[in-house]
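*Asks:* Below you'll find the structure I mean.
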Amino acid sequence: DGSVAMQDNDDINLMLTYQTKKSDFKSFLSLIPAIYQNDFDGITTSGSLQINGNVKGIYNEDTYPAFTVNLAVQNGMFRYPDLPESVDHVNIKATVSHPGGNFDNMTVNVAKMHFAMAGNPFDFSLLLKTPLSDPQVKGELNGRIDLSQIARVYPLEQGEELKGKVIAKMLFDGKISSLENDQYDQFQLLGSLLLENFMYSSPAFAQAIEIHNAQLNFSPEYLDLVNFKMNIGKSDLSAKGKIENFMPYIFSDKMLTGKLETGSNHFNISDLLEQTGENDQTTGDTLAQTTTGEPSTDTVASTEIPENINFAFNANFKELVYDNIEMFDVKGMVFVRNKAVVLDKLKMNVMDGLVDVSGKYDTKEPENPEAEMQIKITNINIQKAYLAFDIFKQYLPVAEKIQGRFSTSFNFNTLLDKELMPVYPTMNGNGNLKTSAIVVGNIKLLNKMADLLKVPDLKQIKSGPVNLSFEFTDGRLKVKPFKIKHQDMGATISGTTGFDQTIDYDVILNIPRDKFGQQANALLDNLINQANQAGANFSINDVINLKLKVGGTLTNPTVKTDFAGNSGNIKEDLKKKAMEELEKQKQKLEEEARKELEKKKAEAKKEADKIIADAKARADKIIKDAQAQADAWNKTAKEAADKAKKEAQKQAENIIAEAKKNGPLAEMAAKTATEKLLKEADEKADKLLQEAQKKSNNLIKEARKKADKINADARQQAGEVLKRK
């Protein structure tokens, strides 16, 4: 009842009252989705519902009228068909009042909310003032729920089981600003939440979740997690600690901080991932994505760390299992802050050795999460490490055939794919590796070297300790020159391994001549005779220096050889005639060599310039194509946004035109509705433009990255051409 008066200055003067003439409790339940979606028609109910209030004052673009909403539920009850228990004594008394003007003047008063579920009572009250500027809250919560009774009241899914007891008591009174300003004496907060013998099982989960006990005490300064003990299958987890600033976090989205001590006698991370459906095995497709030279586009599935969380976990796990890696006495600090998870000197025993890990998982760019790791490994079995760590299978599959132990210290940074595995082409870092005495045998590379050189002793290497340094650069593992010793033979090795398992190594062998077979020694003697017939007097040392070029892939290596400084020892008594002839030819040879060198330099310069020019053209085309695609996306998004706005405006005009036919009140309601419609259209248009711009920026960023890599590779290739020529 009432009146709506249109003023000359476009103000609307409202004088309205309203109330429900007749309503039952079932009408109220129909507003609750969880209840409405489960056999709602068959629910038995009783009780009444009353809603009344008023609207008084001026309404315009800047001012809202005063209004009141009163809600009362009396003696409500509902029971699902075929279930033995009901929810009874539902009583609610709530009022929302606004004196007019700024919405910060509004008050929400839930004076009473009570129900009993299968005989378990629950009470709640809340008074909220100044909700916008500085929420002032006062309320109380008091209840006890026997979770095993829920199935007698509410229809659970088939196969679901729920047990345990929840006891909650809380009293709070004060302003949120008091907590934000550390004025805890001005905010009253007392209470606790207790969970006992909780168990939940469902076909959706691999194993039941059990929480033996959990107690959370409330105070103005912090939440005190007194104890928490849970089991998932054979895994157990305990925790205790404090969480601060939780009220400002809830009401004002402020930073939530906490410090917790966590521990376990046995915890299997793989079981937990299976429980949540996140432990999908990496497929061949994933490997293909991460070895194409470009980051995977599926990183949007990675977990984004919240920005307003600052937690510190002191971890102490007696046994921690992930996949097939068993870790013991895991201790250290884990921080969650600045949208990242930070590991600080996490120490553990793994495979009879020691591991020390520090690092960071960073989600500042959620589509492209990054990892930075510093790892120190001491005295670990090489074959066990191969079975446990994917990086060994990727870069050093020969580790499967190496007997011995190793220690290493290295660091790296990389982008991660959707499985949180390294995107190898983006990996950069360095480190060193030391081994005990090692035995290597039954691998293709050694067999090919032995067959090529006719030296059977190379088929199995028994070396003393090895010490080498390495680095990751653009997805390749670069090994700096290092030495190994086998029997009375030695080798110096250096080169690179790619993320695609291509290899490029130089191996300089020092092999005693008596190690060669009869065929190889005949070849050496023939070379000596040819040289001496030309007037020299050469001899082959007892130790032969051979240079091997190892290429191909880790699974199918290739080996080529040439002599490295094996002209022998040139004796002091070379024939005088040979020396004189050598002097006569010296100038001629030098001139010819100089001309040939200049010619090769010119050819190399021309080839290098062409490589760089071709690469620049390809890079420019990639950027140009990306810009064109980005412009097309932005244009399409703008057209869609303009169309959405235009359609919304047209719809709004039609709504108002139709509303005018039904009088001023309908016109007023139509204006309110069309304002929301136009606002939603603007928000939708803005979102389309923002998404297109973000997509365009990422496309151009990736294009520039590809272009930079093409140019860099071209410069490197050109440099190699110049060096080779």
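*Asks:* In degrees, nearest 10, range 0 to 90: what is the angle between the Cα axis of helix 576-660 and the longest Cα principal axis of the chain?
*Replies:* 10 degrees
*Asks:* Compute from the Cα atoms of the chain the Rg and the Dmax, the latter being the longest Cα-Cα distance, and quote both in angstrom.
*Replies:* 38.7, 131
*Asks:* How compact and how long is region 409-476, expressed as Rg and Dmax of its alpha-carbon atoms in Å?
*Replies:* 16.9, 48
*Asks:* As a test question: what accessible area, to the nearest 10 Å², does E180 have when a 1.4 Å probe is rolled over all protein chains in place?
*Replies:* Rounded to the nearest 10, the figure is 80 Å².
*Asks:* Shape call for region 388-433 from the C-alpha gyration tensor, a ≥ b ≥ c root eigenvalues: rounded (a/c under 1.5), prolate (a/b greater than b/c) or oblate?
*Replies:* On the way: a/c = 2.67, a/b = 1.54, b/c = 1.74.
Here region 388-433 falls in the oblate category.
*Asks:* Moving on to the next point. What span do the alpha-carbon atoms of region 1-71 cover on each of the three principal axes, reported in whole Å from largest to smallest?
*Replies:* 54, 22, 15 Å, listed from the longest principal axis down.
*Asks:* Could you tell me whether region 644-714 comes out rounded, prolate or oblate from its Cα gyration tensor? Rule is a ≥ b ≥ c as square roots of the eigenvalues, rounded for a/c under 1.5, then prolate if a/b exceeds b/c, otherwise oblate.
*Replies:* prolate
*Asks:* When the Debye formula is applied to the Cα atoms of region 121-227, each taken as the same point scatterer, what base-10 log of I(q)/I(0) results at q = 0.11 Å⁻¹?
*Replies:* Relative scattering, expressed as log10 I(q)/I(0), comes to -0.50.
*Asks:* Moving on to the next point. Spin-label point model (7 Å from Cα, Cβ direction): what's the K638 to S27 distance in nm?
*Replies:* Label at K638, label at S27, 5.2 nm between them.
*Asks:* Counting only Cα atoms, I'd like the Rg/Rh figure for region 10-136, Kirkwood definition for Rh.
*Replies:* Expressed as Rg/Rh, it is 1.08.
*Asks:* With all distinct Cα pairs included, what does the Kirkwood hydrodynamic radius of region 339-476 come out to in Å, to one decimal, could you say?
*Replies:* That comes to 16.6 Å for region 339-476.
*Asks:* To the nearest 0.05, what FRET efficiency results for S469 and A111 with a Förster distance of 60 Å applied to their C-beta separation?
*Replies:* 0.25
*Asks:* Between T17 and N91, with labels modelled 7 Å along Cα→Cβ, what's the label distance in nm to one decimal, could you check?
*Replies:* 2.6 nm
*Asks:* Pairing the Cα long axis of helix 664-724 with the longest principal axis of the chain, what angle in degrees results, from 0 to 90 and rounded to the nearest 10?
*Replies:* Relative to the chain, helix 664-724 is tipped by roughly 10 degrees.
*Asks:* Also: Based on a Kirkwood Rh over C-alpha pairs, give the Stokes-Einstein translational diffusion coefficient of region 112-158 at 25 °C and viscosity 0.890 mPa s in µm²/s.
*Replies:* 190 µm²/s
*Asks:* Next up: So how do 496-502, 666-672 stack up, highest first, on mean other-Cβ count within 10 Å?
*Replies:* Output ranking for 496-502, 666-672: 496-502, 666-672.
*Asks:* What does region 41-102 give for Rg and for Dmax, in Å, if only its C-alpha atoms count?
*Replies:* 17.9, 54
*Asks:* Mind putting together the pair-distance distribution for region 577-725? All Cα pairs, 5 Å bins, whole percent per bin, short to long.
*Replies:* 2, 9, 9, 9, 7, 7, 7, 6, 6, 5, 5, 4, 4, 4, 3, 3, 2, 2, 2, 1, 1, 1, 1, 0, 0, 0
*Asks:* PRE reach from L354 (point 7 Å along Cα→Cβ): which of region 434-460 fall under 18 Å by backbone N?
*Replies:* 434-436
*Asks:* I've got another one for you. For a label point 7 angstrom out from the Cα of N697 toward its Cβ, which stretches of region 357-372 have the backbone nitrogen within less than 12 Å?
*Replies:* What the label zone holds, given the 12 Å backbone N cut-off, is 365-366.
*Asks:* I'd like the orientation of helix 518-533 relative to the chain: the angle between its Cα long axis and the longest Cα principal axis, in ° from 0 to 90, rounded to 10.
*Replies:* Compared with the principal axis, the helix lies near 60 degrees.
*Asks:* Report the calculated FRET efficiency for L190 and L83 (r = Cβ-Cβ distance, R0 = 51 Å), to the nearest 0.05.
*Replies:* Here the calculated transfer efficiency is 0.90.
*Asks:* Give me the number: length gained by fully extending A437 to A450, i.e. 0.36 nm times residue separation minus the C-alpha to C-alpha distance, one decimal in nm.
*Replies:* On the way: separation 13, 0.36 × 13 = 4.68 nm, distance 2.12 nm.
Using 0.36 nm per residue and subtracting the Cα-Cα distance, I get 2.6 nm.
The values are calculated or read from the model by the stated rules, or taken from the named source; none is laboratory data. Computed from a predicted model, the values in this text were never measured in an experiment. Glycine also receives a Cβ, built like all others from the backbone with ideal geometry; neighbour counts cover every protein chain displayed. Quick note on the areas: whole protein, heavy atoms, side chains included, nothing else; ligands and nucleic acids left out. Shrake-Rupley method; radii C 1.70, N 1.55, O 1.52, S 1.80 Å.
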